[in-house]
Amino acid sequence: MSILTIDTSTKSGSISIWLSSEESVDLVGDPSITHGERLPSDIANVLERGKIGLADIEIFGVGIGPGSFTGLRVGIATAQALALTQGRKVVPVPTLDAVAAARMNENIGRPSLGSKDNVLPDRECTIVWMDGQRGQVFAAVYVRGSFDSGILRPKRVAGPQVGDPAIVLDAMTGILEDFGHGLVVKVVGTATARDKELLETRLTDMTAGLSIGDGESVLAPVMARLVAARQYEAVSPDKLQPLYIRRPDAVLARERKASGE
């Protein structure tokens with residue numbers, strides 16, 4: 001099955017064409033150029049490199065957030081337009097799910113993916129910790145789910161939440177305590193570097209092992225595998241909706257203006 005996925009949740013974003021379980025064509029965007037300016041040429045680029053036409057894409061996938069309001073709208077609108085013109089459906093992929101999947105499948109694309117050596121232990125969980133802007137964080141907790149279509153699917157057990165990092169982490173630690181002793185925790189996402197001291201202070205003593213990643217994950221390739229595993233979640237293009245766990249800045253600004261603040 002040929003799948004085209006689009007992620008615009010970060011400034012860079014990414015695109016992937018999944019041709020088979022062993023072959024994909026991926027592209028990471030230029031963060032100095034807006035998604036709206038470069039998506040058409042980036043998509044044409046990966047199609048050309050994959051030696052495949054848009055009409056050959058059987059299903060589309062797109063990141064639905066949370067993330068940048070503008071970026072998400074551009075990505076979703078692009079996926080809608082492509083799917084509509086080709087008479088295809090789209091699988092919506094929550095961004096935090098994709099980040100968790102990228103962590104749980106760090107050897108993705110290698111022949112050994114899915115071997116016992118690459119499967120997370122039962123006592124390990126992943127906290128996705130993404131920059132929510134305004135000093136806030138988007139967060140969710142995941143454990144391993146089923147293995148399907150060449151990917152270990154993350155199972156969300158808490159979240160998504162948005163808010164002050166300390167307050168959100170308080171809620172997360174309460175959930176982690178329910179797992180009992182011996183829990184190994186991996187924290188990943190774009191806000192881990194900013195909040196590293198907070199995460200270490202709160203989590204070190206309550207876990208059997210703590211690992212804090214940094215940087216931005218390239219999500220479109222792992223999203224393609226999630227789409228392959230979640231085809232039953234495909235919707236018609238007009239049914240696509242962004243996942244907002246906080247109201248957009250523009251809406252809040254209008255409300256403040258109306259109230260005279």
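Derivation of every value follows stated rules applied to the coordinates shown; laboratory data play no part. These numbers come from a predicted model, not from an experiment. Note: ideal-geometry Cβ built from the backbone for every residue, glycine included; neighbour counts use all protein chains shown.
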Along the dipole axis of the chain (charges at Cβ: +1 for Lys and Arg, -1 for Asp and Glu; origin at the Cα centre), the most positive-end residue among T190, V62, A158 is V62
With label points built 7 Å along Cα→Cβ from the Cα atoms of R134 and D178, find their separation and express it in nm. 2.7 nm
Three principal axis extents, largest first, for the C-alpha atoms of the chain, in Å? 60, 53, 32
I'd like the Karplus ³J(HN,Hα) series for the range 205-222: coefficients 6.51, -1.76, 1.60, θ = phi - 60°, whole numbers in Hz, and an x wherever there's a Gly or Pro. 6, 9, 10, 7, x, 10, 10, 10, x, 8, x, 10, 7, 7, 9, 4, x, 6
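Relative contact order for the range 111-212: what is it in percent, counting Cα pairs under 8 Å that are at least 6 residues apart?
Values: 171 pairs, mean separation 28.2, N = 102.
Contact order relative to length: 28 percent.
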Of the residues T201, I167, V90, the Cα lying farthest along the dipole of the chain towards its positive end, which is defined by charges on the beta carbon of Lys, Arg, Asp and Glu, belongs to V90
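Kindly give Rg over Rh for the range 30-95, based on alpha-carbon atoms, with the Kirkwood expression for the hydrodynamic radius.
Working: Rg = 12.1 Å, Rh = 12.6 Å.
Using Cα coordinates only, the ratio equals 0.96.
Report, in deg cm²/dmol and to the nearest 500, the calculated mean residue ellipticity at 222 nm for the chain, where each DSSP H run with n ≥ 4 adds -39500 (n - 2.57) and the sum is divided by the residue count. Please report the intermediate quantities before stating the final value.
Details: 7 runs with 85 residues, N = 261.
It comes out at -10000 deg cm²/dmol, rounded to the nearest 500.
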Which three semi-axes in whole Å describe the equivalent ellipsoid of the range 145-230, each the square root of 5 times a Cα gyration tensor eigenvalue, listed largest first? 25, 16, 13
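Counting alpha carbon pairs within less than 8 Å and at least 6 residues apart, what relative contact order, in whole percent, applies to the chain?
Values: 525 pairs, mean separation 58.2, N = 261.
Once normalised by length, the contact order is 22 percent.
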Could you derive backbone 3J(HN,Hα) for the range 27-44 from the dihedral phi with the Karplus parameters 6.51, -1.76 and 1.60 (θ = phi - 60°), listing whole Hz in sequence and x where the residue is Gly or Pro? 9, 9, x, 8, x, 7, 10, 5, 4, x, 6, 10, 4, x, 6, 5, 5, 4
Restricting things to alpha carbons, tell me how big the range 1-114 is in terms of Rg and Dmax, in Å. 13.5, 38
How far is it, in nm, from the label point at K11 to the one at M206 when both lie 7 Å from their Cα along the line to the Cβ? 3.3 nm
